[in-house]
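Enquirer: First, the structure itself, so that you have it in front of you.
The values are calculated or read from the model by the stated rules, or taken from the named source; none is laboratory data. This structure is a prediction, so every number in the text was calculated from the model and none was measured. These accessible areas exclude ligands, DNA and RNA; they are computed on the full protein's heavy atoms, side chains included. Shrake-Rupley method; radii C 1.70, N 1.55, O 1.52, S 1.80 Å.
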Amino acid sequence: MYRLPSLSTRTLIPRTAPSAVRCIAPAAVQQQTRHAHAISNPTLANIEKRWEAMPPQEQADLWMALRDRMKVDWNEMTVQEKKAAYWIAFGPHGPRAQTPPGEGRQVFLYTMLGIGAAGALFGFTRYFARPPPRTMTKEYQEATNEYLRGLNVEPISGLSSDGYTGPGQVQSKPAASQK
């Protein structure tokens, strides 16, 4: 048996919030009610085959109609609508379309063609290029090392330091082997 609380346990604070909520609640419920009509079966028939050929505006209209239809309870949707919504959202079209046959071979051939063209351009420029400058010989770079030692360049850890064993400025082949 249910008992009402005694007067001593009741609060004397006026409650205005629940009455305000009661006034707003029916309007909010009415605004959230959606009435989406089922999309006709001929519109959704063979959507997998027709989707790519449809104009973009018609695709957008159909997607918006399906989107509005998906906002209602999914138990009210037809099987055709569920399949069409799934296929449009996740089907193999647009960026998820399968690659055409032979595309991998075509990409490989164009890549090899680009590499071959770059190699031919490199060879052409090297064939008509001037010989390397005289400063790019081993003898000239060794003479540069001696000149830098005479000027005492980098005396702490470089070329002029005690016990230096590095190559210094030498980075090229001897002059006789470059020709």
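Enquirer: Before I look further, what does region 78-179 give for accessible area per residue, probe 1.4 Å, in whole square angstrom?
Expert: 81 Å²
Enquirer: While we're here: Quick one: length gained pulling Arg126 to Gln57 fully straight, 0.36 nm per residue minus the C-alpha distance?
Expert: 19.3 nm
Enquirer: Which value, in Å³ per residue, describes the convex hull spanned by the Cα atoms of region 113-162?
Expert: Here the figure is 120 Å³ per residue.
Enquirer: On to the next question. Calculate, in whole percent, how much of the Cα-Cα pair population of region 47-102 lies beyond 17 Å.
Expert: 41 percent
Enquirer: Still on this model: Using a 1.4 Å probe over the heavy atoms of the protein chains, calculate the carbon and sulfur portion of the accessible area of region 52-156 as a whole percent.
Expert: Taking all protein chains in place, region 52-156 shows 63 percent carbon and sulfur surface.
Enquirer: Under 17 Å Cα to Cα from Lys49, which aspartates and glutamates show up? Leave out anything in the same chain fewer than 8 places away.
Expert: Glu58, Glu81
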